[in-house]
Amino acid sequence: MIIAGKPTQINADKKSVFEFLSDFNHYEKLMPDQIVNWESNQDACSFTIKGMTSLALKYKDKTPHHLIDIVPDGKSPISFNLRIELEEGKLNEQHTMAQVKIDADLNPMMAMIAKKPLENLVNIIGEKLNAEFAK
């Protein structure tokens, strides 16, 4: 199941956005309020989703100025990829269009339960990323 967030226009060039996203220490600012016990370094992070589970994430791929691909690190209750795709903004090169997507391997029952929270997650990450560069 692929869930794509709303494309977000960011007031920064692709290089700046990519460099920000290439360090997990910045991701805590992008997470919803349900994320607690955040720990990170440049290449990985771990956290707890309140009342649910703990997760650890790492980079699978970073294509400079275009794509960030994140996967679970170690045990995870679900198999998924979180992708952030970057394109040059339509206004000019000082703007970036970002879209957050989750590709999760879920059975139909889990898909029904997880769809709304995952949609919420990808949209919150996009909104907070936009807000981070609006400062």
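Among residues of segment 27-70 being charged (D, E, K, R) and assigned to a loop (DSSP other than H, G, I, E, B), the one that is nearest to E85 (Cα to Cα) is D43.
Starting from segment 6-30, keep only residues that are in contact (Cβ under 8 Å) with a residue 24 or more places away in the chain and surrounded by 15 or more Cβ atoms within 10 Å (Cβ to Cβ), then list their pairs with residues that are in a helix (DSSP H, G or I) and β-branched (V, I, T) whose Cβ atoms are within a distance under 6 Å, requiring at least 6 positions of separation or different chains. Every condition considered, the pairs that remain are I10/V17; L30/I125. Kindly check whether there is at least one residue in segment 95-104 that is touching a Leu at 6+ places or on another chain (Cβ under 7 Å), surrounded by 13 or more Cβ atoms within 10 Å (Cβ to Cβ), modelled with pLDDT of 90 or more and small (G, A, S). The answer is yes, given that some residue of segment 95-104 is touching a Leu at 6+ places or on another chain (Cβ under 7 Å), surrounded by 13 or more Cβ atoms within 10 Å (Cβ to Cβ), modelled with pLDDT of 90 or more and small (G, A, S). Screening S46 with (1) hydroxyl-bearing (S, T, Y); (2) under 23 Å from P7 (Cα atoms); (3) surrounded by 14 or more Cβ atoms within 10 Å (Cβ to Cβ) gives one miss only, at (2). In segment 1-21, how many residues are under 15 Å from H66 (Cβ atoms) and under 11 Å from the mean Cα position of the chain (by Cα)? Total meeting the criteria: 1.
The values are calculated or read from the model by the stated rules, or taken from the named source; none is laboratory data. Because the structure is a prediction, the values reported are computed rather than measured. Using ideal geometry, Cβ is built from the backbone for each residue, glycine included, and neighbour counts are taken over all protein chains shown.
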